[in-house]
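What follows is a single structure, written as structure tokens, with notes after it.
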Amino acid sequence: MLETLSVSAVTAVLGAVGSGMANEAGKRAWESAGGLVRRVAGREVPAPRDPAELEAVARLVREGARRDPDLARAWSAFARTAPTPGLALGVPQLPASTRFFTDRKEALKALDKEADRKADGRPRLVLLYGPEGIGTSALALHWGCREAARFPDGQLHLDLRGGSAAGALDAATALRLLLDRLGMAREEIPPGADGRADALRRTVAGRRLLIVLDHAHSAAQIRPLLTSAPGVFTVVVSRRPLAGLDAVPVAVGPLTDKDAVRLLTQVAGKQAVAEAKAALPGVLRRCAGSPYALRAAAPRLLDTSAAPSPDDPVRTAVEDTYRTLEPATARAYRLLALRAWPAIGPDAAAATLDVPRDEAAVQLAELVESRLLEQDGERCRYRPGVRAHAEAAAVHEDGIAACSAALRRAVAWYADFAVRASLAALSQSWRIGARAGALRAGDYRDAGEALDALRAELGNLLEAVYAAEEFGDTDAVCELNEALWPLQLKMGCHDELLPALRAGVRAADARDPDSRAAGRMHTLLGLDLTELGRWDEAEAEFLAAAEAERRAGHVRGRATAVESLGLLRLRQWRFEEAYERFEEADALLAGIGPDDEGAADLPRARALLERHRGRALRGQGRRPEAIARLELALRFFRETAEPYNTARTLTDLAETHLDGDDAVAALPLIDEAIAALEKDRAAYHLARLRALRERCVSAAP
């Protein structure tokens, strides 16, 4: 038992539980830790916010447990069942390399040299840089695929979207994507950037991996993604040198004419190149050694009408190709480029273009075939330079009015899609906005499939939020944000959602700060900030939400804001204040009459508050009162057949019994909770329950 009570051991347990708060079981374990720390210390101890505070709490636990053997046993039992950080164990692979590749001998040698460098504690790191279309990404992928045997634990590719500062991934999002692609379950990915960086370092330690960070924007974007693990080799791809990044720089320049002709021959064939011998010098001038331009020019070797433009060969190639498109396909090319959609599917394209889906699908296929779009799974995406050309052409040829109409259609489609998927993913949550009342849930097999659909479109949905804010569609901004709530609740996409939620608050406050929409946006932002550990900011948002809802006369929304503040207090281990907020929220709900808005939701809302009050009482060590509250909540959830809330309440109740060493009472509750969750996607909750069950069995006489 003594080894579990050292400062380092207690710190490790608390740190592991804190890092695991991305999933429901981890959040509940954090609350359990807070209640136990209170028991051991003999007073309320605020939840630690940094390593120094974490160590101070660990010292309190050590000293208190050493004075009381019963508390020492309680802490040891908790430590044995506490969640531990997971590792990402997948073996990722690079996207397919280009079939036709030529030259780049010196660059390939530089990559070989750094990959062969003896590990000395410095990150093994190369920066490939060159203008758009020059082949830096193709070079990185070609080398990685060629050298796959060096990296038996995987080769990972991540597009950092650094074509512009506005679209570039932030470090926290990039870390989440890396961990996801390395195989870490989304429910285990820590909520904050520091925790994710630590998880990445733990995951790659001892593994032989290639990491290709494509389209990097800045050194600041890259640094948190680096590791000095001896088996990891990182290749960064950028349009320019990145000041402040200590990497081996490898400039990638134009192909020589000899290699340009070789690439044209590989792509177009010997006969086509031979027949275009007279036109070849002009083609080479226009392409200026750019592999992208050469590939685009290959089908039109005999077309010499375009004026040479060696300063911008990508734009020249795009313009040449664009002039060959049929009018309808050219229109699609222009109007789909009005926002930086990460990837465009045929349904969204059809809505944007106001054409049938089959017609939109054909146009997308034609644009892919002409190399103006790139295939990305079932969707398509623009290269940054190509999109810039298309967007400029849209403004010039279609005009502001037509562009605005197309963009509004796109936003409307994404808002409709998001609301319908959200209704299917989380049917019991109350909502505001006209769309939630007018639309029905989407046709999905189950809530999990709807959640996956929302997640797959997240990048486009966020872009739709920003577009709606720009042209003043506050309703769409708020409805999109509210529709994304299931991703906050169940998938931990907090970093990505934060800018959109701030846009929601800005838009709602600008229109009417005393409105229900403003209250709802402040509440959703506060919930997101809570998960990111930015608790002071979260508190300010909940207070603003409660005041906006009060001025709007929306009792249900005000009660939710106050309840959310109570949940924040639970996270902070401030259990007395949490209980007071839950009491306040219940008193507000009591003011809703049988014919008032929100009356139908009252029984469930009050059952949830009973559960929350039970949790707050448990944290205070008031077990009999906590059990009474939790049993009231359990009765409701059993009667209404809500498996997940039933299982959550059963777990709370079982742990409360275990606080009093009553394993006999806890065991059947745990078994019932396990049975309730067997058909649900709740692997981490089940793992926690099974650990608690083992604790009960081992405690049996």
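The values are calculated or read from the model by the stated rules, or taken from the named source; none is laboratory data. Only a predicted model underlies this, so the values are computations on that prediction, with no experimental measurement involved. When we count neighbours, we look across all protein chains shown, and the Cβ atoms used for this are built from the backbone with ideal geometry, even at glycine.
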Among (1) crowded, with 22+ Cβ neighbours inside 10 Å; (2) modelled with pLDDT under 85; (3) small (Gly, Ala, Ser), there is one condition ALA77 misses while meeting the rest; what is its number?
(1)
Within segment 645-667, residues under 29 Å from the mean Cα position of the chain (by Cα) and either crowded, with 24+ Cβ neighbours inside 10 Å or free of Cβ contacts under 8 Å to residues at least 24 places away in the same chain (or both) come out as ALA647, ARG648, THR649, THR651, ASP652
Subset of segment 45-74 (residues that are modelled with pLDDT of 90 or more, assigned to a loop (DSSP other than H, G, I, E, B) and surrounded by fewer than 16 Cβ atoms within 10 Å (Cβ to Cβ))
PRO46
Just to be sure, is THR102 of a type in the set (S, T, N, Q) and at pLDDT below 90?
yes
If you take the residues in segment 349-404 that are surrounded by fewer than 15 Cβ atoms within 10 Å (Cβ to Cβ) and touching a residue at least 40 places away in the same chain (Cβ under 8 Å), which one is nearest to the chain's Cα centre (by Cα)?
SER404
Any chance segment 101-121 includes a residue that's within 27 Å of the chain's Cα centre (by Cα), assigned by TED's automatic domain parsing to the domain that holds ARG240 and not β-branched (Val, Ile, Thr)?
no
Going through segment 550-586 in order, the residues found to be aromatic (Phe, Trp, Tyr), closer than 23 Å to ARG534 by Cβ and assigned to a helix (DSSP H, G or I) are PHE575, PHE582
So which residues in segment 179-238 are on the phi > 0 side of the Ramachandran plot and part of a strand (DSSP E or B)?
HIS215
Note on LYS113: of the conditions (1) closer than 30 Å to ARG371 by Cα; (2) modelled with pLDDT of 85 or more, unmet is (1)
Just to check your reading of the model, which residue among ARG161, ARG150 is in contact with a Lys or Arg (Cβ under 9 Å, 6 or more places away or on another chain) and of a type in the set (D, E, K, R)?
ARG150
Filtering segment 554-592 down to residues that are closer than 16 Å to ILE432 by Cβ and of a type outside the set (A, V, I, L, M, F, W, C), which residue is surrounded by the most Cβ atoms within 10 Å (Cβ to Cβ)?
GLY557
What helices (runs of 4 or more DSSP H) lie completely within segment 299-361 and have 2 or more residues being basic (Lys, Arg) and modelled with pLDDT of 95 or more?
327-335
Residue, farthest from ALA518 (Cα to Cα), within segment 442-459, restricted to residues that are over 21 Å from the mean Cα position of the chain (by Cα) and crowded, with 16+ Cβ neighbours inside 10 Å
TYR444
Run down VAL212, VAL204 and say which single residue is under 26 Å from ASP50 (Cβ atoms) and in contact with a strand residue (DSSP E or B) (Cβ under 6 Å, 6 or more places away or on another chain).
VAL204
Matching residues in segment 612-643 - criterion: being more than 16 Å from GLU577 (Cα to Cα) and surrounded by 19 or more Cβ atoms within 10 Å (Cβ to Cβ):
ILE627, ARG629, LEU630, ALA633, LEU634, PHE636, PHE637
